[in-house]
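Student: Sending over a structure as structure tokens; questions will come in a sec.
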Amino acid sequence: MNLRAQEPVIQTENGLVSGYKAGDISVFKGIPFAAPPVGDLRWRPPQQLKNWTGVLKCDAFSASPMQNNPVPFMMWTEEFITPPANLSEDCLYLNIWTPAKSPKEKLPVLVWIYGGGFSSGSAACAVYDGEEISKKGVVFVSINYRVGVLGFLAHPELRSESEHNVSGNYGLLDQVAALLWIKKNIEAFGGDPEKVTIDGQSAGSMSVCALVSSPLAKGLFRGAIAQSGGILTNFMKRNYSETEKTGTAFMEKMKAENIADLRKKSAKELIAAGGSFTPVPDGYVIPKDVFTAFKEGQFNDVTMMTGWVTEDGSIQGDQKMTPEVYKLQVITKYNDLAQKYLKLFPGKTFKQVASSLKKINLMEFAVLPAYLWAGFSKSKAYIYRFSHVPADKPGFPNYGAFHTSEVPFALHTLQLWKRPWREVDLQIEETMNNYWVNFVKTGNPNGEGMPEWKAYEKSSGMVMEIGDKVRLSHGIYKNELNFLGGIILNKK
């Protein structure tokens with residue numbers, strides 16, 4: 001177990017793995033944490049790895065999970081997307097960057113969970129590199145999990161195979177399996193299994209929230225960071241039985257008689273067939289009523305940091321709606337509260353309608369879940385809003401502070417994002433990354449020489465504004481949150 005060597009070798013519970021040195025950082029890429037979910041193991045919970053003999057060379061990323069061919073689009077350039085060259089069902093691997101020189105150091109651990117709408121994504125995306133953050137005394141781990149139909153298909157026949165009488169949520173079970181592997185093995189890499197923080201963005205953020213709600217993940221982490229996304233509003237309103245009906249319809253579409261037939265189809269055929277497959281409350285991985293579980297304190301109540309990016313509301317695209325249709329929809333949905341709603345989210349003109357729809361998308365997707373979670377938490381919660389607009393890329397439109405743009409600032413990977421960075425960008429990166437590192441180390445983002453970040457309290461509504469200047473703000477969306485939050489709490 002030598003972390004000093006140019007080709008460091010570590011003993012895991014299943015066998016020896018070797019990595020490589022990047023300066024003072026030991027890097028291990030493509031370490032398996034579960035058996036390949038292929039053949040008869042497709043649509044089953046991740047299975048135990050078999051031991052190996054000799055030294056397993058882990059110096060390159062594994063395959064990314066099967067998904068549609070990844071191509072850059074809009075603001076998401078090649079640094080943000082899955083490397084397209086290597087996709088496979090055999091994808092359950094993780095990557096480790098560690099500054100430790102011996103297993104005795106017991107450094108804090110940050111586990112990164114990627115986004116991608118649960119239909120795409122990879123731990124191998126350039127902006128998820130862990131070298132820079134690891135230089136600050138953190139063991140950084142990025143994990144793969146199954147996505148799309150291969151990660152979240154629910155079907156009655158799959159349920160009948162399950163000892164827990166559930167189906168779907170295999171991608172979340174992959175995440176739990178990775179955390180269990182980390183719990184058992186990370187000490188050999190110089191990490192402390194009792195000082196694990198999970199962090200994710202978008203679908204990764206929703207995954208973090210799901211893990212916080214899941215009894216299966218109890219004791220596997222002490223802190224949680226959720227960037228742009230939550231499960232306490234519309235996302236977790238999906239009905240489990242309806243999800244299984246979707247799976248049944250998919251089987252019919254594939255002209256398969258049973259799951260055995262469906263397992264014979266190639267992964268490419270399944271992906272090409274399309275469809276939406278995401279996590280669902282099942283009473284096993286995720287509580288059937290997530291909101292009530294949080295409200296009653298039946299969740300993994302850990303110190304949390306959560307927030308959003310100002311343009312998160314734009315990810316659903318431009319919504320064209322006339323003022324008349326908008327008003328009718330509001331009246332139908334909110335009845336006697338409609339006039340109050342229209343004061344907060346006006347729609348007298350096309351421009352107002354577009355602006356209000358964008359704001360409500362932002363509220364439901366990221367802002368309201370953050371505030372609800374913080375409100376239910378007994379542990380300290382820190383909330384941020386990222387409003388810094390990254391340096392323009394020559395020849396590209398300016399998309400503002402767009403969805404995902406905060407990730408390379410938080411993970412200190414701007415050097416891997418090809419833009420003409422300014423001093424202000426680099427300063428924001430250093431400050432934001434220090435907040436993240438401090439939180440992982442201590443459960444508190446604050447540090448010497450940094451603007452003080454106060455824990456969230458409903459009375460003050462303090463939020464850390466991460467813009468061209470970093471400063472505390474209070475009362476952001478206070479009226480909107482009181483209105484929408486009150487409706488949700490009263491309904492429940």
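Student: Would you please list the contacts, defined by Cβ atoms under 9 Å and residues six or more apart or on different chains, that run from a residue in segment 235-250 that is modelled with pLDDT of 90 or more and surrounded by 14 or more Cβ atoms within 10 Å (Cβ to Cβ) to a residue that is basic (Lys, Arg) and outside any loop (DSSP other than H, G, I, E, B)?
Tutor: Glu244/Arg159
Student: Taking only pairs six or more apart or across chains, which ones have beta-carbon atoms under 6 Å, a first residue in segment 378-397 that is free of Cβ contacts under 8 Å to residues at least 40 places away in the same chain, and a second residue that is among the basic types (Lys, Arg) and surrounded by fewer than 18 Cβ atoms within 10 Å (Cβ to Cβ)?
Tutor: Close Cβ pairs satisfying both conditions: Ala391/Arg419; Ala391/Arg422.
Student: Quick check on segment 271-326: of everything there that is basic (Lys, Arg) and assigned to a loop (DSSP other than H, G, I, E, B), which residue is modelled with the lowest pLDDT? Outline the logic, then answer.
Tutor: As a first pass, look at segment 271-326 and keep what is basic (Lys, Arg): 288, 295, 320.
So of that shortlist, the ones also assigned to a loop (DSSP other than H, G, I, E, B) come out as 288, 320.
Values: Lys288: 90, Lys320: 81.
This residue is Lys320.
Student: On the basis of being assigned to a strand (DSSP E or B), β-branched (Val, Ile, Thr) and touching a Leu at 6+ places or on another chain (Cβ under 9 Å), does Ile31 make the cut? Give the steps one after another, and end with the answer.
Tutor: Values: assigned to a strand (DSSP E or B): yes; β-branched (Val, Ile, Thr): yes; touching a Leu at 6+ places or on another chain (Cβ under 9 Å): yes.
Judged against the criteria, Ile31 is a match.
Student: Another one. Quick one: count up the residues across segment 462-477 that are at pLDDT below 90 and out of contact with any strand residue (DSSP E or B) (no Cβ under 6 Å at 6 or more places or on another chain).
Tutor: Final tally of qualifying residues: 1.
Student: Looking only at helices (runs of 4 or more DSSP H) that fall completely inside segment 108-188, which ones have 2 or more residues that are touching a Leu at 6+ places or on another chain (Cβ under 6 Å)? Explain how you work it out, then say what you get.
Tutor: Working: elements: 131-134, 148-152, 156-161, 170-185.
Ranges flagged: 170-185.
Student: Okay, next question. What are the pairs with Cβ atoms under 8 angstrom where one residue, in segment 23-37, is of a type in the set (Asp, Glu) and the other, located anywhere, is surrounded by fewer than 22 Cβ atoms within 10 Å (Cβ to Cβ)? Sequence gap at least six, or different chains.
Tutor: Short answer, once both residue conditions are applied: Asp24/Pro99; Asp24/Lys135.
Student: Kindly indicate the residue of segment 63-93 that is out of contact with any strand residue (DSSP E or B) (no Cβ under 9 Å at 6 or more places or on another chain) and within 16 Å of Trp112 (Cβ to Cβ) and also surrounded by the fewest Cβ atoms within 10 Å (Cβ to Cβ) among those meeting that condition.
Tutor: It comes out as Glu79.
Student: So, in segment 227-270, exactly how many residues are in contact with a Leu (Cβ under 8 Å, 6 or more places away or on another chain) and either in a loop (DSSP other than H, G, I, E, B) or among the aromatic types (Phe, Trp, Tyr) (or both)? Reasoning before the result, please.
Tutor: Restricting attention to segment 227-270, the residues satisfying the condition of being in contact with a Leu (Cβ under 8 Å, 6 or more places away or on another chain) are 230, 232-233, 247, 250-251, 254, 256, 259, 262, 267, 270.
Among the residues that remain, those that are also either in a loop (DSSP other than H, G, I, E, B) or among the aromatic types (Phe, Trp, Tyr) (or both) are: 230, 232-233, 250, 254, 256.
The total comes to 6.
Student: Here is a further query. I'd like the residue in segment 150-192 that is crowded, with 24+ Cβ neighbours inside 10 Å and β-branched (Val, Ile, Thr) and, out of all such residues, is nearest to Val208 (Cα to Cα).
Tutor: Ile182
The values are calculated or read from the model by the stated rules, or taken from the named source; none is laboratory data. Everything numeric in this text was worked out from a predicted model, so none of it was measured. Heads up, the Cβs are rebuilt from the backbone with ideal geometry, glycines too, and the neighbour counts pull from every protein chain shown.
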